[in-house]
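The structure appears right after this line, and notes come after that.
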Amino acid sequence: MFKCILIQSEGLGRGDDTLGKLLMASFLRLLAETEEGLDRIIFWNSGVKLVCEGSPVLEHVKKLEGIGIEVLACTTCLEYFELTDKLAVGKPTSMVKSIASMLGEDFIAL
């Protein structure tokens, strides 16, 4: 079974932003250590900042990619935040591929 996660912001959950960023860092670090079969992570909206130069979780995401998880970043979001040339891990992706990922596989939105 194909599994896909959508990361929609820099933090995990709603409420305190500092706590949310700590939770996201922990989530990404532990995700790389799990034995579950994750296939793809898509980063949308401000979540694309996590796969760009200067991201505090860049090494965690690189580790995920290194173990074979496909890392994708929304092209429109990268352009909106003027980060197209700052992408440090993964590949830009279209909305069409993102939709196909969400409709065709086990999908989790964060």
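The values are calculated or read from the model by the stated rules, or taken from the named source; none is laboratory data. Values in this document were obtained by computation on a predicted structure and should not be read as measured data. Positions of Cβ are generated from backbone atoms using ideal geometry, with glycine treated the same way; all protein chains shown enter the neighbour counts. Areas reflect the complete protein model, heavy atoms only, side chains present, ligands, DNA and RNA absent. Shrake-Rupley method; radii C 1.70, N 1.55, O 1.52, S 1.80 Å.
For the chain, what is the mean residue ellipticity at 222 nm derived from helices alone (per DSSP H run of n ≥ 4: -39500 (n - 2.57); sum divided by total residues; nearest 500 deg cm²/dmol)?
Values: 4 runs with 40 residues, N = 110.
It lands at -10500 deg cm²/dmol.
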log10 of Debye I(q)/I(0), alpha-carbon scatterers only, for the chain at 0.17, 0.21, 0.24 Å⁻¹: -0.75, -1.17, -1.49
Residues with amide H under 5 Å from that of K91, placed H, sequence gap 5 or more: V71, L72, A73
Dipole in debye (nearest 20) - the range 28-110, about Cα centre, beta carbon charges: Lys, Arg +1; Asp, Glu -1: 180 debye
Zone residues, the range 55-69, relative to T34, backbone N less than 18 Å from point 7 Å out along Cα-to-Cβ: 60-69
Quarter of the Cα convex hull surface for the range 1-47, i.e. its orientation-mean projected area (nm²): 3.4 nm²
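Please report the antiparallel percentage of DSSP beta bridges with both residues in the chain, rounded to the nearest 5.
Numbers: 1 of 16 bridges.
Expressed as a percentage, antiparallel bridges in the chain total about 5.
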Sites M102 and F27 - FRET efficiency at Förster radius 25 Å, r taken between beta-carbons, to 0.05: 0.85
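Please give the per residue accessible area of the chain, computed with a probe of 1.4 Å over protein heavy atoms only, in Å². Don't jump to the answer; show the numbers that get you there.
Values: 6330 Å² over 110 residues.
Accessible area per residue, the chain: 58 Å².
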R14 paired with T84, simple spin-label distance in nm, labels 7 Å along Cα-to-beta-carbon: 3.3 nm
